[in-house]
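The values are calculated or read from the model by the stated rules, or taken from the named source; none is laboratory data. Note that this is a predicted model, so its numbers are computed, not measured. All Cβ positions, even for glycine, are placed from backbone atoms using ideal geometry, and neighbour counts span all protein chains on display. Side chains are part of the model used for accessible areas, which takes the heavy atoms of the whole protein and leaves out ligands, DNA and RNA. Shrake-Rupley method; radii C 1.70, N 1.55, O 1.52, S 1.80 Å.
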Amino acid sequence: MEVIIQSDSEKGSEIAARLIARQVREKPRSVLGLATGGTPLALYRLLARMHRGEGLDFGSVTTFNLDEYAGLAADHPASYHHFMEQNLFKHLDIPPAQRHIPDGLAKDIPAHCEAYEKAIREAGGIDLQLLGLGSDGHLGFNEPGSSLASRTRIKTLTERTRRDNRHNFSSAEEVPHHVITMGLGTITDSRMCLLLAFGKAKAHAVRLAVEGPVTASVPGSLLQFHQRAKVILDEEAASELERAGYYRWVYQNKPPWQIDL
Ligand code: F6R
């Protein structure tokens, strides 16, 4: 796991944007796993700017989002379909047939989840999976206690996550209890995992995920088993890390042949 600490979220997002841009330039038919929430917003703005200003071409890219609320239609303002359309897809040139987000209104949820897994496999697997971290350590909507081998399925949100996401809904009661999410097994099958976490509210979860034991109680800790996981943090999110000084030194003193950003 490579831990990259930057002074603020804007600088962290710039590194993430450069990594994604390089991935897409080197392999135009890349399969990207995408996340929603507050964390990737600056990154998505940067990708839109690179598309507009530098001609970064997403026309052959395929995407799979991590999750969606069960019971929300795509046009619901709090749905992740709506989020992706507003914050990324309408600014890029990815053909609609190449974008995938779990369907919150799927009638047969197990069959839909199986088809989602099959679509990922048929696309050749995910090259780069973007991730945020829940304040309770969740990845996607895999809440603490999720099977480390899980695949796409329905999950029940913790009260903490429902509270964290309350601001997207008009009332606390409206926040769904159920979601469809890629599993932890699905996520870690990706060739590269890129976790972003910014702000003080994430510091404890970051400490547990990066330096704690690998446990289903902290789904983010599973990234410690991944061969190519990068964790990009701002100073606040890194503030509880014991080895922060070491990570900074490593990043600033990479031998030239190891620099990949
Ligand atoms: C979103 C997702 C979640 C979020 C996490 C952090 O698609 O899968 O795991 O990444 O809840 O959310 P924010 O970024 O809003 O703090």
Only one of (1) more than 22 Å from residue 20 (Cα to Cα); (2) of a type in the set (Gly, Ala, Ser); (3) surrounded by 18 or more Cβ atoms within 10 Å (Cβ to Cβ) does not apply to residue 245, and that is (3)
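Out of curiosity, is residue 126 near the ligand (Cβ under 10 Å from one of its atoms), under 24 Å from residue 232 (Cβ atoms) and open to solvent by less than 10 Å² (accessible area, probe 1.4 Å)? Show your work before the answer.
Details: near the ligand (Cβ under 10 Å from one of its atoms): no; under 24 Å from residue 232 (Cβ atoms): yes; open to solvent by less than 10 Å² (accessible area, probe 1.4 Å): yes.
Judged against the criteria, residue 126 is not a match.
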Residue hits (the range 77-100; hydrophobic (A, V, I, L, M, F, W, C), open to solvent by less than 40 Å² (accessible area, probe 1.4 Å) and more than 18 Å from residue 48 (Cβ to Cβ)) are 78
Residue 106: passes all of (1) crowded, with 17+ Cβ neighbours inside 10 Å; (2) over 30 Å from residue 57 (Cα atoms); (3) within 14 Å of the ligand (Cβ to nearest atom) but (3)
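How many residues does the range 225-247 hold that are of a type in the set (S, T, N, Q) and farther than 19 Å from residue 198 by Cα? Give the derivation first.
Of the residues in the range 225-247, the ones of a type in the set (S, T, N, Q) are 227, 239.
Still in the running and farther than 19 Å from residue 198 by Cα: 227.
Count: 1.
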Among (1) surrounded by fewer than 18 Cβ atoms within 10 Å (Cβ to Cβ); (2) among the acidic types (Asp, Glu); (3) touching a helix residue (DSSP H, G or I) at 6+ places or on another chain (Cβ under 7 Å), residue 114 falls short only on (3)
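Looking only at the range 11-42, count how many residues are more than 16 Å from residue 56 (Cα to Cα) and open to solvent by less than 70 Å² (accessible area, probe 1.4 Å).
Taking the range 11-42 as the starting set, the residues that turn out to be more than 16 Å from residue 56 (Cα to Cα) are 11-13, 33-42.
Those left that are additionally open to solvent by less than 70 Å² (accessible area, probe 1.4 Å): 12-13, 33-42.
Selection size over the range 11-42: 12.
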Residue 48: passes all of (1) open to solvent by 30 Å² or more (accessible area, probe 1.4 Å); (2) farther than 21 Å from residue 231 by Cβ but (1)
Quick count over the range 203-261, residues being aromatic (Phe, Trp, Tyr) and in contact (Cβ under 8 Å) with a residue 40 or more places away in the chain, is 2
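Could you run through the range 123-141 and say how many residues are within 21 Å of residue 200 (Cα to Cα) and in a loop (DSSP other than H, G, I, E, B)?
9
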Of the residues in the range 39-87, those that are more than 13 Å from the ligand (Cβ to nearest atom) and among the acidic types (Asp, Glu) come to 54, 57, 75, 85
Heads up, the strands (runs of 3 or more DSSP E) in the range 20-122 (entirely inside) with at least 1 residues that are modelled with pLDDT of 95 or more, among the small types (Gly, Ala, Ser) and under 20 Å from residue 182 (Cβ atoms) are 31-34
